[in-house]
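Quick notes on the structure that follows.
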Amino acid sequence: MQKFKKIAFWCLVGFAIIQFIPVDKVNKPVDQSKNFVNVKKTPPKVVGLLKNACYDCHSDETVYPKYAYIAPFSWSIKSHVNDGRKYLNFSVWETYNNDLKHKMLTRAIEMVDNKMMPMPAYIIYHEEANLSTNERRLLNVYFQEVLDSKKY
């Protein structure tokens with residue numbers, strides 16, 4: 001029993017110490033003239049879907065949940081956000097070249113269609129991101145319209 005108490009004590013001490021490891025959760029300012037939904041004059045229904053299901057990881061408008069301030073969850077969440085922004089950041093849409101925009105839209109259609117996005121783990125804590133079949137179809141139709149217009 002004494003050994004268990006020591007292990008529990010040091011686990012708690014370790015947990016307390018890792019809370020002091022900083023994780024940057026400050027969003028960059030968003031230039032609305034470069035933001036996808038403004039540039040493309042996206043319909044309100046699609047804007048709602050994007051904001052609820054995509055923007056936390058794929059924009060500079062991330063809203064961090066309360067549990068994102070507790071290590072080690074904060075590290076994982078920040079890593080996911082950084083990866084999401086690396087592959088597609090709607091906030092800086094106008095800074096991408098046309099080839100990259102085409103690739104991103106094509107990939108977004110594939111990911112939404114195959115239910116790879118939003119990530120299943122994200123949906124567990126964000127019910128509004130659990131897109132129905134019709135919502136997925138709406139997003140993909142919109143992305144395809146943007147692709148077909150060739151005005152990315």
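Every read-out reported here was derived from the displayed coordinates using simple, explicitly stated rules and does not represent laboratory data. Keep in mind the model is a prediction, meaning the values are calculated, not measured. Positions of Cβ are generated from backbone atoms using ideal geometry, with glycine treated the same way; all protein chains shown enter the neighbour counts.
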### Task
List the equivalent ellipsoid semi-axes of region 111-152 in whole Å, largest first, each obtained as the square root of 5λ for an eigenvalue λ of the Cα gyration tensor.
23, 10, 8
### Query
In sequence order, what are the phi-derived ³J(HN,Hα) couplings for region 42-54 according to the Karplus relation 6.51 cos²θ - 1.76 cosθ + 1.60 with θ = phi - 60°, rounded to whole Hz, with x for glycine and proline?
5, x, x, 4, 5, 4, x, 5, 5, 5, 7, 10, 10
### Query
Between Asp148 and Ser132, how many nm apart are label points set 7 Å from Cα along the C-beta direction?
2.3
### Query
With the contact rule set at Cα under 8 Å and sequence spacing of 6 or more, what percent relative contact order holds for region 1-108?
34
### Query
For region 1-44, what is the charge dipole size about the Cα centre, in debye to the nearest 20, if Lys and Arg each add +1 at the Cβ and Asp and Glu each add -1 at the Cβ?
160
### Message
Just to be sure I understand the curve: with the Debye formula and one point per C-alpha of the chain, what is log10 I(q)/I(0) at q = 0.09, 0.11, 0.21 Å⁻¹?
### Response
-0.36, -0.50, -1.39
## Note on the structure
For region 84-145 (alpha-carbon point model, no solvent) the Debye-based log₁₀ I(q)/I(0) at q = 0.12 Å⁻¹ works out to -0.32
### Message
Please list, in order, the residues from region 36-56 whose amide nitrogen is less than 17 Å from a point placed 7 Å along the Cα→Cβ vector of Val141.
### Response
42-50
### Task
Could you work out how far the C-alpha centroid of region 81-146 sits from that of region 1-78, in angstrom?
18
### Message
From the helices alone, meaning DSSP H stretches of at least four residues, give me the mean residue ellipticity at 222 nm for the chain, per-run term -39500 (n - 2.57), in deg cm²/dmol to the nearest 500.
### Response
-17500 deg cm²/dmol
### Query
If you look for lysine pairs in region 22-91 that are eight or more places apart or on different chains, how many of them have Cα atoms under 16 Å apart?
10
